[in-house]
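Colleague: Here you go, one structure.
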Amino acid sequence: MSVNMKDSLEKVDSEITGAIKNEHTRLNEGVELIPSENVVSKAVLQAMGSILTNKYSEGYPGKRYYGGNEFIDVVENLAIDRAKKLFGAEHVNVQPNSGSPANQAVFFALMNLGDTFMGFDLTAGGHLTHGSPVNFSGKQYNCVPYNVDKETELLDYDQIKKDALKAKPKMIISGLTAYPREIDFKAFQEVCDAVGAYHMADIAHIAGLCATNVHQNPVPVCDVVTTTTHKTLRGPRSGMIMCKTEDRFDKEGKRNLAQKIDFAVFPGLSGGPHEHTIAGKAVAFLEDLQPEYKTYCQQIVKNAKALADSLMDQGIELVTGGTDNHLMVAKLVNKGLTGKGKEVQNALDEAGITVNKNTIPYEPGSPFNPSGIRLGTPAVTSRGFKESEMKVIGESIAKVIDNLNDKTVIEGVKKDILELCKQYPLYDDFQILG
Ligand SMILES: *Cc1c(COP(=O)(O)O)cnc(C)c1O
């Protein structure tokens, strides 16, 4: 093969082209219920696939270590200004490459190695970066986890406060990956105030709902808020940090809070920012500022409630008995499937329904063989599904759970799902290869 810089991907690399086309078919012919996933617009895809990938721009707008950044500065400033408007943020850093590096930057900015912090227990709904023993957050810092109440499966803010008064953390992380109820960021802030801790909210999952006030927005409340940009925000796979300018606990310091965060991102943890992705974020934020986006976020929650109702009508129990946000966790214990989340995930996969196995609070199985599955509605809502489709999907899921080893039933569900998906093609007029 001779390399010609002007040849298309299709011509240059049939293997990668084939995998992309297959992934497109998989997306088109199945129902995507993983709550952390979504589908981006054609405009976002184009920005991400642009020539902006060519440029080095270490530093920040107006203060770069490389020449030729006048148009890159336009891109990054637009992303920052739109994010500020979307969330009402004082300061925004759009350079983190994903949610985990954004969280790492906050730890790096505000804590010393070995310092104590509190994060949401992973099995009850927290994230790896909130103190899991296998993650940098749990290895390099001292994590005292908080958990949900065993009976209600809800966060108990009085208990968290008691735990915090004992642990004296330097920082408390509020935020979720698998908690189906609204988080009371103000209650967390009261705990932080009572113990003199920084409050970091991680809204990776719910950012879109927060930006549109479908869920409490923590940005006016907390010291620092981190997020991914590819979940409900429906932008490129990336991250972002928002914060107050002033550092409440270090008013005379060399750097204020905003400067500490920026300094931790660059030069603390990374070199050149990915400006093609930052352009994708800017485009997504512009889309998110439009009235249709608020309607979309409201529909995410309506769809989640409809799916939850449908599942419960079929005798499937949900953690906390329902949902207020975009996700729910189904408990398989009463179906005799304790520790069988993986088997259920695989059977649903065969039927064209993508979910992920998940632990339930006080998991009776193990993290590898958990007793729940997690489901969410951001991706199917982007696709145009409404409450009536959610009802059908809930019934289909229940059918698979009740007939896990019956290939005929699973084949039947797969056919129903394919029919449903055909009515809502994804990227229908799309040139997925540019
Ligand atoms: C998804 C998620 C992250 C991590 O994001 P990545 O982009 O996968 O690194 C961090 N925190 C929470 C709460 C998340 O849900």
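Colleague: Being under 23 Å from L337 (Cβ atoms), of a type in the set (V, I, T) and crowded, with 20+ Cβ neighbours inside 10 Å is the filter here; which residues of region 378-405 pass it?
Modeller: Those that are under 23 Å from L337 (Cβ atoms), of a type in the set (V, I, T) and crowded, with 20+ Cβ neighbours inside 10 Å: I393, I397, V400, I401.
Colleague: So which of E275, E287 ends up being touching a residue at least 40 places away in the same chain (Cβ under 8 Å), closer than 21 Å to V44 by Cβ and open to solvent by less than 10 Å² (accessible area, probe 1.4 Å)?
Modeller: E275
Colleague: Mind checking which residues of region 74-92 are over 15 Å from H276 (Cα atoms), in a helix (DSSP H, G or I) and not charged (D, E, K, R)?
Modeller: Matches in region 74-92: A83, L86, F87.
Colleague: Looking for whichever is touching a helix residue (DSSP H, G or I) at 6+ places or on another chain (Cβ under 7 Å), of a type outside the set (S, T, N, Q) and modelled with pLDDT of 95 or more here; the options are K407, K415, K357. Which one fits?
Modeller: One residue alone meets the criteria, K357.
Colleague: For the structure I just gave you, tell me whether A282 is open to solvent by 10 Å² or more (accessible area, probe 1.4 Å), of a type outside the set (S, T, Y) and not in a loop (DSSP other than H, G, I, E, B).
Modeller: no
Colleague: Say we look at region 229-240 and pick out the residues that are touching an Asp or Glu at 6+ places or on another chain (Cβ under 9 Å) and open to solvent by less than 10 Å² (accessible area, probe 1.4 Å); which of these is farthest from G175 (Cα to Cα)?
Modeller: Ranking the qualifying residues of region 229-240, first place goes to G235.
Colleague: Let me ask another. Quick one: how many residues across region 115-137 are free of Cβ contacts under 8 Å to residues at least 40 places away in the same chain, within 14 Å of the ligand (Cβ to nearest atom) and open to solvent by 20 Å² or more (accessible area, probe 1.4 Å)?
Modeller: Adding up the residues that qualify gives 4.
Colleague: Which numbered condition in (1) within 16 Å of the ligand (Cβ to nearest atom); (2) closer than 26 Å to N356 by Cβ; (3) surrounded by 18 or more Cβ atoms within 10 Å (Cβ to Cβ); (4) of a type outside the set (S, T, Y) is the only one that A105 fails?
Modeller: (2)
Colleague: With (1) surrounded by 19 or more Cβ atoms within 10 Å (Cβ to Cβ); (2) over 15 Å from V144 (Cβ atoms); (3) within 17 Å of the chain's Cα centre (by Cα) as the list, and N93 as the residue in question, which single condition is left unmet?
Modeller: All conditions are met except number (3).
Colleague: Anything in region 8-30 that is open to solvent by less than 50 Å² (accessible area, probe 1.4 Å) and over 28 Å from A282 (Cα atoms)? List them, or say none.
Modeller: Answer for region 8-30, where residues must be open to solvent by less than 50 Å² (accessible area, probe 1.4 Å) and over 28 Å from A282 (Cα atoms): D13, G18, G30.
Colleague: Is at least one residue of region 79-90 of a type in the set (D, E, K, R) and closer than 11 Å to K281 by Cα?
Modeller: yes
Colleague: Here is a further query. So which of A207, A197, A211, A201 is aliphatic (A, V, I, L, M), open to solvent by less than 10 Å² (accessible area, probe 1.4 Å) and more than 22 Å from D247 (Cα to Cα)?
Modeller: A207
Condition check ((1) in contact (Cβ under 8 Å) with a residue 12 or more places away in the chain; (2) away from the ligand (no atom under 16 Å from the Cβ); (3) under 30 Å from G126 (Cβ atoms)) across all residues:
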site	(1), (2), (3)
N28	yes, yes, no
L33	yes, no, yes
S36	yes, no, yes
K42	yes, yes, no
M48	yes, no, yes
N54	no, yes, no
G59	yes, yes, no
G62	no, yes, no
E70	no, yes, no
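Colleague: Name the helices (runs of 4 or more DSSP H) wholly inside region 1-73 in which the number of residues that are in contact with a helix residue (DSSP H, G or I) (Cβ under 7 Å, 6 or more places away or on another chain) and at pLDDT 95 or above is 2 or more.
Modeller: Fully inside region 1-73 and qualifying: 42-48.
The values are calculated or read from the model by the stated rules, or taken from the named source; none is laboratory data. Just so it is clear, the model here is predicted, and its values are computed rather than measured. Positions of Cβ are generated from backbone atoms using ideal geometry, with glycine treated the same way; all protein chains shown enter the neighbour counts. The accessibility values were calculated without ligands, DNA or RNA, using every heavy atom of the protein model including side chains. Shrake-Rupley method; radii C 1.70, N 1.55, O 1.52, S 1.80 Å.
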